[in-house]
Amino acid sequence: MKRRNFLSLSAGAAAATGLAACGKSGPGDSSSGGGSGDKDAAGYWFLSGPPGEPIRQGAVDRFNKANSANQIKVTAIQNDAYKDKLKTSLGAGQAPSIIWGWGGGGLKSYVDAGQVDDLTDWFGQNAAVKDRLFKASFGPATIDKKIYAMPCETVQPIVMLYNKEAFEKAGVAAPPQTWAELMSILPKFNEKGIAPFSLGGQSRWTNMMWLEFLFDRIGGPEVMDAVYGGQKDAWNNPAAIDALTKTQELVNAKGFIKGFSSITADSNADQALLYRGKAAMELHGSWSYGIIKAEGGNFIKDGKLGFFNFPAVDGGKGDPTNTYGNAGQYLSIYSKASEHQKETAKKFFTSLLDDTEQQGWIETGGVPIVQDAKAKLAASPDAEFLNFVFDVSSKAAGFGQSWDQALSPSSAETLLDNIAKLFQLQVTPQQFATNMNAVIGK
Amino acid sequence: MTIAPPVVRTAPSTASRGGGSGSVSWMAWPALVAFTIFGILPLFGVLALSFTSWNGISPELSLTGLDSWKTVLSDPGLPHAIWVTFLIMALSWLAQTPLSILLGVFIAAHKRYRTVLAVLFFIPLLLSQAAIAITYKMLLDPNFGLGASLGVEFLQQDWLGDSTLAVGVVIFVVSWQWIPFHSLIYQGGIRQIPASMYEAAEIDGAGRIRQFFSITLPQLKYTIITSSTLMVVGSLTFFDLIWVLTAGGPGDATRALAVDMYVTGFRSNLMGPASAIAVILVLVGLGLALLLRRLGGRDASQSQLEGA
């Protein structure tokens with residue numbers, strides 16, 4: 001009995017062990033596959049599922065067709081599994097030649113581990129590749145002034161979306177231009193039984209977007225730069241405390257929908273609240289547009305969706321054109337790939353975002369990170385929103401990176417944890433700052 | 001939750017230790033080999049990892065001695081995670097045990113409708129924890145869930161967004177899933193109680209309730225210990241259910257040890273401290289299992305039955 005019971009115990013505990021150990025069996029960068037005439041094809045993993053998968057696949061197919069000597073072999077992996085899978089494959093030395101990612105802190109941890117190649121010189125030699133893309137898109141690809149990734153795909157700023165019908169019902173004429181205005185219209189919605197803001201609070205990064213904008217509008221990007229720079233007690237900045245206090249004021253004023261802490265963003269319930277009229281506004285990534293379009297019935301077609309940039313905060317130091325979000329997606333080259341695979345990858349990079357691929361992204365409601373994409377947007381049925389996103393992105397004085405991507409994974413986890421508690425009113429702004437000061441530079 | 005075989009006490013025999021026992025010991029080898037490879041070796045792997053600092057990505061490990069342990073033991077999150085673990089353990093034991101015994105008594109009687117019901121009771125056990133968690137998450141959604149659709153005010157609570165309610169929900173879902181299993185164990189135990197004892201009690205004029213407390217419960221002692229061991233030790237490994245239901249939230253209200261371990265290892269990329277938490281988890285589990293064995297092992301005179 002004792003031994004058998006021990007077995008069952010350790011089976012549970014070994015789940016932990018197993019998780020840690022299972023990376024060894026991940027699918028490797030199989031070099032045996034590939035297409036015609038290339039025995040050393042470059043591996044490329046990307047996220048599966050619409051709308052991105054067919055576009056990514058299409059880009060690879062066109063490349064493989066045009067380059068018989070340089071083949072790319074793809075594996076599509078689900079979003080949730082991708083990060084863990086990539087991590088274990090890197091740990092085991094079995095990663096694909098081309099690594100798809102979000103840039104920022106995640107990329108930095110690969111750089112620190114010597115897993116990805118420095119592409120600075122390559123971009124120096126291929127200025128044309130670099131110059132046709134948005135400048136801001138290189139921010140998250142750059143670590144210590146060196147470029148480690150090729151920006152690709154679309155730009156996704158965080159914007160305010162609103163339900164025009166809910167605004168009419170509550171008698172609010174126009175979206176708020178300032179923070180004071182925003183606070184003043186909250187009771188009008190609540191009186192009508194409409195929540196002012198939808199929020200998928202269980203996912204935590206959704207709450208984080210509020211702080212990103214409030215910090216930036218009140219204190220400018222300098223506040224977070226001090227944190228990234230490892231300055232002692234940087235979170236004690238009065239602007240930071242003010243932003244955290246304003247957040248809790250918003251929670252206290254019933255700014256967010258009831259039960260927001262149990263809503264996840266992954267289920268798209270937060271968008272559903274908006275298009276079903278249970279909430280009037282939402283702060284979310286521009287990709288929400290595609291979700292609402294796909295799931296919201298005629299909501300967009302009937303012209304009920306409105307959008308605006310995050311309002312200014314009176315007396316704030318930050319430029320109100322600043323925005324946050326994903327400046328692009330990123331492709332890096334695995335340092336242990338063969339020379340041939342690396343060459344294939346670089347060739348592939350130059351072929352990215354051709355007209356067909358740009359068109360594909362535009363059809364999904366995305367704005368490709370190409371300088372001259374604007375001309376193509378006008379023909380789209382979603383031109384109004386796409387132009388809005390293009391303007392927000394290209395006119396932004398600064399394009400901030402998601403905090404949890406910019407910080408190291410362990411500080412990011414502490415941050416998200418404290419953000420959840422802040423929104424639950426379990427910590428005061430000062431406690432939040434103290435908890436975060438403790439992990440600066442870690 | 002892991003399922004261990006019921007308690008089987010070796011008979012306090014002396015004479016039966018005959019010649020045959022040596023020749024059958026090879027039968028244990030296949031299980032022992034598998035257990036060593038998949039149970040013991042990874043365990044030592046985790047122990048070794050807990051003395052290193054590794055981010056899960058970098059090709060090299062660096063030996064950092066007791067650093068990971070110091071980080072984990074000085075983190076205020078650890079006592080909280082242990083508290084949450086034990087809270088869920090205690091409350092789910094309290095919720096499950098009386099109900100399982102009563103249900104076990106109910107379905108132990110040889111009546112056809114009860115047999116049909118027993119089969120129905122068993123259904124929750126057939127579902128995977130992740131599926132159960134997703135279903136409950138949807139049912140409890142404050143805006144699109146059961147309460148909102150039926151318009152029942154009481155059900156329209158912020159079930160998973162309030163710290164106290166969220167713990168309650170976890171315990172409820174755990175109980176909902178595991179009560180059928182434990183009822184089955186009790187049913188088996190009850191059916192083994194000799195009918196003659198009840199007949200004797202009836203002649204002595206004992207009523208149903210008296211019979212339950214004076215015969216059924218004492219006779220079930222080892223069954224209770226078996227079932228409790230499974231519950232207590234199993235509750236240490238609750239991960240999937242909590243992860244899907246609340247992801248340890250709101251805040252850290254349901255962040256049990258197993259969740260804490262995953263978050264530390266795979267979200268924060270701190271494999272060293274995560275391994276230290278895993279070792280703590282193993283030690284707590286072992287300690288509890290031994291403790292429960294002790295509780296049941298002392299006097300064998302009270303029960304004529306062994307296990308279920």
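A few points about this structure:
- All positions within region A:167-200 that are in contact with a strand residue (DSSP E or B) (Cβ under 8 Å, 6 or more places away or on another chain) and within 18 Å of A:Ile291 (Cβ to Cβ): A:Phe197, A:Ser198, A:Leu199
- Counted residues, region B:251-262 - those being facing chain A (nearest Cβ under 7 Å) and at pLDDT 90 or above: 1
- Residue within region A:179-197 that is part of a helix (DSSP H, G or I), of a type in the set (A, V, I, L, M, F, W, C) and in contact with a His (Cβ under 8 Å, 6 or more places away or on another chain) present: no
- Filter result for A:Asn387 (within 14 Å of another protein chain (Cβ to nearest Cβ) and free of Cβ contacts under 8 Å to residues at least 60 places away in the same chain): no
- The condition of being among the hydrophobic types (A, V, I, L, M, F, W, C), more than 18 Å from A:Gln202 (Cβ to Cβ) and modelled with pLDDT under 85 holds for only one of B:Ala109, B:Ala81, that being B:Ala109.
- Taking the conditions (1) closer than 30 Å to A:Val439 by Cβ; (2) in contact with a Gly (Cβ under 7 Å, 6 or more places away or on another chain); (3) hydrophobic (A, V, I, L, M, F, W, C); (4) surrounded by fewer than 23 Cβ atoms within 10 Å (Cβ to Cβ) in turn, A:Phe197 satisfies each one other than (4).
- Number of residues in region A:219-268 that are under 30 Å from B:Tyr136 (Cβ atoms) and among the aliphatic types (A, V, I, L, M): the value is 5.
- Taking first residues from region A:87-110 that are within 20 Å of A:Gly328 (Cα to Cα) and partners that are β-branched (Val, Ile, Thr), the Cβ contacts under 6 Å between residues at least 6 apart in sequence or on separate chains come to A:Lys108/A:Ile143; A:Ser109/B:Ile57; A:Tyr110/A:Val116.
- Members of region A:107-138 found to be among the basic types (Lys, Arg) and within 14 Å of another protein chain (Cβ to nearest Cβ), listed by number: A:Lys108
- Residue that is nearest to A:Asp417 (Cα to Cα) [pool: residues in region B:228-249 that are more than 8 Å from every other protein chain (Cβ to nearest Cβ) and part of a loop (DSSP other than H, G, I, E, B)]: B:Gly248
- Condition met for A:Asn207 (touching a Leu at 6+ places or on another chain (Cβ under 8 Å) and within 14 Å of chain B (Cβ to nearest Cβ)): yes
- Unique residue being surrounded by 15 or more Cβ atoms within 10 Å (Cβ to Cβ), out of contact with any strand residue (DSSP E or B) (no Cβ under 7 Å at 6 or more places or on another chain), touching a residue at least 24 places away in the same chain (Cβ under 8 Å) and farther than 30 Å from B:Glu60 by Cβ when the list is A:Asn126, A:Asn163, A:Asn70: A:Asn70
- Scanning region A:277-334 for residues that are of a type in the set (Asp, Glu), under 27 Å from A:Ala170 (Cβ atoms) and in a loop (DSSP other than H, G, I, E, B) turns up A:Asp302, A:Asp314.
- Neighbours by Cβ (under 7 Å, 6+ apart or cross-chain): first from region B:193-214, of a type in the set (A, V, I, L, M); second not in a helix (DSSP H, G or I): B:Ile193/B:Leu305
- When B:Thr254 is tested against the conditions (1) surrounded by fewer than 24 Cβ atoms within 10 Å (Cβ to Cβ); (2) closer than 26 Å to A:Leu416 by Cα; (3) of a type outside the set (Phe, Trp, Tyr), the lone failure is (1).
- Near pairs, Cβ below 6 angstrom, 6+ apart or cross-chain, from region A:245-272 (at the interface with another protein chain (Cβ under 7 Å from one of its Cβ atoms)) to any residue that is of a type in the set (Val, Ile, Thr) and in a loop (DSSP other than H, G, I, E, B): A:Ala269/A:Ile263
- Where helices (runs of 4 or more DSSP H) sit wholly within region B:114-211, none has at least 3 residues that are in contact with a strand residue (DSSP E or B) (Cβ under 8 Å, 6 or more places away or on another chain).
- Which numbered condition A:Met224 misses (of (1) out of contact with any strand residue (DSSP E or B) (no Cβ under 8 Å at 6 or more places or on another chain); (2) part of a helix (DSSP H, G or I)): (1)
- Failed condition for B:Leu286, given (1) surrounded by fewer than 20 Cβ atoms within 10 Å (Cβ to Cβ); (2) more than 7 Å from chain A (Cβ to nearest Cβ); (3) free of Cβ contacts under 8 Å to residues at least 60 places away in the same chain; (4) not basic (Lys, Arg): (2)
- Inside region B:264-274, residues that are more than 7 Å from chain A (Cβ to nearest Cβ) and of a type in the set (Ser, Thr, Tyr) make up a count of 1.
- Residue in region A:238-247 that is in the same structural domain as A:Gly318 (by TED's automatic domain parsing), buried (at least 18 other Cβ atoms within 10 Å of the Cβ) and within 30 Å of B:Ile242 (Cα to Cα) present: yes
- Take the conditions (1) of a type outside the set (D, E, K, R); (2) modelled with pLDDT of 90 or more; (3) not in a helix (DSSP H, G or I); A:Pro381 misses just one of them, which is (2).
The values are calculated or read from the model by the stated rules, or taken from the named source; none is laboratory data. Given the structure is predicted, the values throughout are model-derived calculations rather than measurements. As a convention, Cβ positions derive from the backbone with ideal geometry for all residues, glycine included, and neighbour counts pool all protein chains shown.
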